[in-house]
Amino acid sequence: MYSLDPAIKIIWTINIILRTLFYTIFFAILDFFVIPNFFYDWILPKGISTLIIFIIGVIVAVVYPYYYYKYWKFSVREDEVYIERGVLTRVKTTAPYLRIQHLDVVQSVLDRMYGLGKLVIYTAGTRGADVTIPGLPIEYAEQLRDRLKNVTPEDEV
């Protein structure tokens, strides 16, 4: 079983902090402009719910990436890609080579800054039948894509 690159924890932390800032601003607008106008008997002082959202977001940004990284493992077996992940809910996924439709290597801006990429494996099946392996060094993600592309049987006509 392989682990992801440790730099992915930084990317996950940055993403959680950005979401936390968005929700903090959203709740600040609610606290100071919406709630006083519609709920005259509101029991919390102004800014308390905003502060609670911010504190929860900071705690999640510090704790969650560590555990998410700890429980994210994958393996490329002789006939399938096997993935284990999840903090609260553990998910074990297999993507048989026979079901692979196509493969992508995707990089966000943060991924490029840290030299990482995501391998996206699209499989035959229902909607949402794709598997993503984040936090791979970009060279390894491209090698893995090419390796999986070469072992995927082509449709015979």
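Read-outs: derived from the displayed coordinates by stated rules, not from any lab. Only a predicted model underlies this, so the values are computations on that prediction, with no experimental measurement involved. All Cβ positions, even for glycine, are placed from backbone atoms using ideal geometry, and neighbour counts span all protein chains on display.
Using a simple spin-label model with points 7 Å from Cα along the Cα→Cβ vector, what separation in nm is obtained for Thr13 and Phe38? So the label points at Thr13 and Phe38 sit 3.7 nm apart. Each other residue within a Cβ distance under 11 Å of Val91 adds +1 if Lys or Arg and -1 if Asp or Glu, for a net charge of +2. Sites listed here are trypsin sites (Lys or Arg not before Pro) in the stretch 1-96 whose DSSP assignment is loop and whose Cβ has at most 15 other Cβ atoms within 10 Å: Lys46, Arg77, Arg90.
Remark: spin-label model distance Val76-Gln107 equals 1.8 nm, labels positioned 7 Å along the Cα→Cβ axis.
Taking the Cα-to-Cβ direction at Arg147 and at Ile52 and moving 7 Å from each Cα, how far apart do the two end points lie in nm? The two pseudo-label positions are separated by 4.9 nm.
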